[in-house]
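S.K.: Please see the structure below; I have some questions.
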Amino acid sequence: MMYPGAITQLLNDKNHIYYQLYDNSPDMHVSVDSESGKILMCNKTLSKKVNIPKDDIIGSPILDMYHPDSREKAMSVFKMFTAGKKIENQRLDLITKGGKKIPVLLNVDAFRDEENNITFSNSCWRDISEIEQLKSEIKDNVQAKNKELEEFVYIASHDLQEPLRTISSFIELLKLEYNDQLDEEALTYLNFIETGAGNMKNIITGLLDFSRIGKDVELEEVDCNSIIHDIITDYHLAIKENDAEITSELLPHINAYSTAIRLLFQNLINNAIKFKKFNTPPEIHIECITKEEEYHFMISDNGIGIPKDKLNDIFKFFKRLNNKSQYKGHGIGLAHCKKILDIHDGKIWVTSEVNEGSTFHFTLPKTIKK
């Protein structure tokens, strides 16, 4: 039988253990009053990380702990917390006494009273400085390798153009000088050579365009509505020939590389017209959802669709899913789109049903890091 004094001692020991775990946790812990937004308590880890004594932290506004670049988002997260919403892995930056940023992931649990009202938070900041540093190093390495690859593609493609021009010139001379002396079979062979040279030229042009995406340009305000209007004007004949209908909701002005964004929309609209169903006029609709930190664009069509097992392949170089004789192209356009979104820190994907059409989704962050 355990006596009351022993029980009290055991509880005190457990509380001491829990407090030691809390105070010495590798993560930063803080509790915040839901009404005033002031800090009620914190652990030693937080004090060490930001180089501020615990006594100075307790009683101060929680927003003061954040770097100025993160305060607007932190305010929004605090409002979400007081509204009872779940807070998980929110990416923010704290600030040290010396003004240094500490990148963190924030997770919050709400403490409620007997009437289920939120009274204070139990919040945890996890320092992800090492992860961010590793990500930066990996990104730098990838960018360096990509630059080497792009330079190789540019040089190789540029050097290949001259022999192609020679081939095309001599084909033209042969036809001009010896057309009457060549039989039908010889002319057929020349036509095959000419077609092959033309296809190779288009592929090289595509590779050169790919290597130039994002180079020697500056971010600027881009009116997506104006871009769509210009593309529709430029594609007037193709739209008319295919009896296509293109509709668009009001699109945002974004901060982006204008030439690249135009090429992105152009490729996606061109594909929607090209991959139409037989005897069915293309119907293309463009819309955008504005979110807290990004724009989510959608370009939908009623075309032939894409098999589910091919959805991840279509953004690869030279990946063609359809018969060349029926649908022209070299499988480069969507690779261009993928690279354009990469340089904008965005994403692209597609949802589709065979014979029902496709919707190409892409996101663009509101703030793009150069």
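S.K.: Does at least one position in the range 291-310 carry a residue that is free of Cβ contacts under 8 Å to residues at least 12 places away in the same chain and assigned to a helix (DSSP H, G or I)?
M.R.: There is at least one residue in the range 291-310 that is free of Cβ contacts under 8 Å to residues at least 12 places away in the same chain and assigned to a helix (DSSP H, G or I).
S.K.: Taking the residues in the range 235-274 that are free of Cβ contacts under 8 Å to residues at least 60 places away in the same chain, open to solvent by less than 60 Å² (accessible area, probe 1.4 Å) and not aliphatic (A, V, I, L, M) as candidates, determine which candidate is nearest to Asp345 (Cα to Cα).
M.R.: Selected residue: Ser258.
S.K.: Pick from the range 33-63 the residues that are of a type in the set (S, T, N, Q) and closer than 23 Å to Ile128 by Cβ: which of them is surrounded by the most Cβ atoms within 10 Å (Cβ to Cβ)?
M.R.: Among residues in the range 33-63 that are of a type in the set (S, T, N, Q) and closer than 23 Å to Ile128 by Cβ, the one surrounded by the most Cβ atoms within 10 Å (Cβ to Cβ) is Asn43.
S.K.: Tell me yes or no: at least one residue of the range 196-212 is open to solvent by 40 Å² or more (accessible area, probe 1.4 Å), outside any helix (DSSP H, G or I) and either under 24 Å from Ile273 (Cβ atoms) or at pLDDT 75 or above (or both).
M.R.: no
S.K.: I want to confirm something. Restricting to the range 218-252 and keeping residues that are of a type in the set (Asp, Glu) and part of a strand (DSSP E or B), which single residue is nearest to Gly303 (Cα to Cα)?
M.R.: Glu245
S.K.: Have a look at Ser136, Ser157, Ser123 and point out the one that is at pLDDT below 85 and small (Gly, Ala, Ser).
M.R.: Answer to the selection: Ser157.
S.K.: Could you say whether any residue in the range 125-144 is outside any helix (DSSP H, G or I), open to solvent by less than 80 Å² (accessible area, probe 1.4 Å), small (Gly, Ala, Ser) and in contact (Cβ under 8 Å) with a residue 12 or more places away in the chain?
M.R.: No, that holds for no residue.
S.K.: Restricting the search to the range 11-32, which residues are at pLDDT below 90 and charged (D, E, K, R)?
M.R.: Asp13, Lys14, Asp23
S.K.: Yes or no: Asn107 part of a strand (DSSP E or B), open to solvent by 50 Å² or more (accessible area, probe 1.4 Å) and touching an Asp or Glu at 6+ places or on another chain (Cβ under 7 Å)?
M.R.: Taking the combined requirement at face value, the residue satisfies it.
S.K.: Go through the range 322-370 residue by residue and tally those that are over 30 Å from Thr195 (Cα atoms) and either at pLDDT 90 or above or not in a helix (DSSP H, G or I) (or both).
M.R.: So the answer is 28.
S.K.: What number of residues within the range 64-77 are open to solvent by less than 50 Å² (accessible area, probe 1.4 Å) and either under 18 Å from Ser34 (Cβ atoms) or in a helix (DSSP H, G or I) (or both)?
M.R.: Final tally of qualifying residues: 7.
The values are calculated or read from the model by the stated rules, or taken from the named source; none is laboratory data. What you see is a predicted model; the values in this text were computed from it and never measured. Using ideal geometry, Cβ is built from the backbone for each residue, glycine included, and neighbour counts are taken over all protein chains shown. Each accessible area value is taken on the protein alone, full model and side chains, heavy atoms only, with ligands, DNA and RNA left out. Shrake-Rupley method; radii C 1.70, N 1.55, O 1.52, S 1.80 Å.
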